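Notes follow the structure.
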Amino acid sequence: MKRANPLPLPSFHDPKNAERWEYSPDPQRLYEEAGEWRHRHAIAPAATDGTNIHLLLIDVQRDFCFPRGSLYVGGRDGRGALGDNLRTAAFIYRNLGAITNITTTLDTHFAYQIFFPSFWVDRDDRPLAPHREIGSDDIARGEVRPNPAMAKWLCNGSYPWLLQQVKHYCDELARAGKYKLYLWPPHCLLGSDGHALAGTIHEARLFHSFVRCAQSWAEVKGGNPFTENYSVMRPEVLSRHDGQPLAQRNTQFLSTLLTADAVIIAGQAARHCVKSSIDDLLSEIAVKDPALARKVYVLTDCMSSVTVPDGKGGFVADFTPQAEEALRRFEAAGMHLVRSTDPIAAWPGLSLG
């Protein structure tokens, strides 16, 4: 039987660490603390759970979670991801005895990818700036084009192939009707400090792993240079212009989530990687059994939207309305919108057996 009553926060948990870019927990100390915590609170190993509750934390990485990150998700109040991570960590600690598995996704990029300005130049071969959209009409008019210097190592030196591929990519995005190609600042570059998980989240997921004797799962996404990969379930575009496959769906992880008894979702950013992941999960559910949507719980107070302040009290970009619309759609499909402070034992349809 799972522990239904919420647990206290462990003594090592310091809320101030949620705002410290440089904070990193000591895994050995956590392992030692976990044994005593397990004994004191009579917490059973996750393998004995009668109900498999899977917590999916999307892209809770430093570049998204701190103001000094290259793509900080500040929300409208400027504190978005900082507060989200504090609430998420507390949720994990309080419900340690109920959560069976935790998976963290890792947005993982390289210097030259189609959604970075470095991939592109303008008609005068000047570099582009971030936070702009590109469509196939922009390419056709010659306003932007792929950086020719990439062709040799990206597609065996065939620049015509590269031109065709980027046009195809933009056309596929338009056909899907989800996004237009958006150029982001370089973020979550593999090997960078910004790629790492926020320390307070890493601490909580490791403590859960050691206390429950459960693996600390992670799903890596985003390394294909020719496609965005907002969703952990699949890249945005799966095909090349010549009909060959470009990428594939993450069918194994989809199956992992769909076989769980309950899936709880939180992370960054609400309008992009969170929304895309839930959309793809919902699409799979619609094919298999629409009733499965009822086992998905979205932690609405543990995610925020990308905003780009204009320095005048407004925003150059604000994706909050789109995120709010998506949440309404998920609820209409049967998913549950919950808050991290709501007692998990009282969530609708959730059994803690």
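None of the figures in this text is laboratory data; all of them are computed from the coordinates on show. Since this is a predicted model, take the numbers as computed values, not measurements. Ideal geometry is used to build each Cβ from the backbone, glycine not excepted, and the neighbour counts take in all protein chains shown.
Some observations on this one:
- Subset of Lys16/Lys295; Lys180/Lys288; Lys221/Lys312; Lys180/Lys312; Lys16/Lys178; Lys152/Lys180 violating a 31 Å alpha-carbon distance limit: Lys16/Lys295; Lys221/Lys312; Lys16/Lys178
- The chain: DSSP helices with Cα axial extent of at least 15 Å and average Kyte-Doolittle hydropathy no lower than 1.0: none
- Sorted by Cβ density within 10 Å, fewest first, the residues Trp21, Trp120: Trp21, Trp120
- GluC sites (Glu not before Pro) within the range 130-208, DSSP loop, no more than 14 other Cβ atoms inside 10 Å: Glu143
- Cβ charges +1 (Lys, Arg) and -1 (Asp, Glu), total dipole of the chain, debye: 380
- Per DSSP, loop GluC sites (Glu not before Pro) in the range 207-263 with at most 11 further Cβ within 10 Å: none
- Note on Val211, Val73, Val121, Val166: ascending count of other Cβ atoms within 10 Å places them as Val121, Val166, Val211, Val73, the fewest first.
- In the range 272-325, the chymotrypsin sites (Phe, Trp or Tyr not before Pro) that fall in loop regions by DSSP, at most 16 other Cβ within 10 Å: none
- Expressed as a fraction of 2.2 N^0.38 Å, the value expected for a compact globular protein of N residues, the C-alpha radius of gyration of the range 117-182 is 1.07.
- Listed candidates (1) 120, 41, 31; (2) 67, 44, 40; (3) 77, 40, 35 - label of the one calculated as Cα extents along the principal axes in Å: (2)
- Dividing the helix sum by the residues of the chain, where each DSSP H run of 4 or more adds -39500 (n - 2.57), gives a mean residue ellipticity at 222 nm of -9500 deg cm²/dmol.
- Mean Cβ count within 10 Å, highest first, over the residues of peptides 53-65, 259-271: 53-65, 259-271
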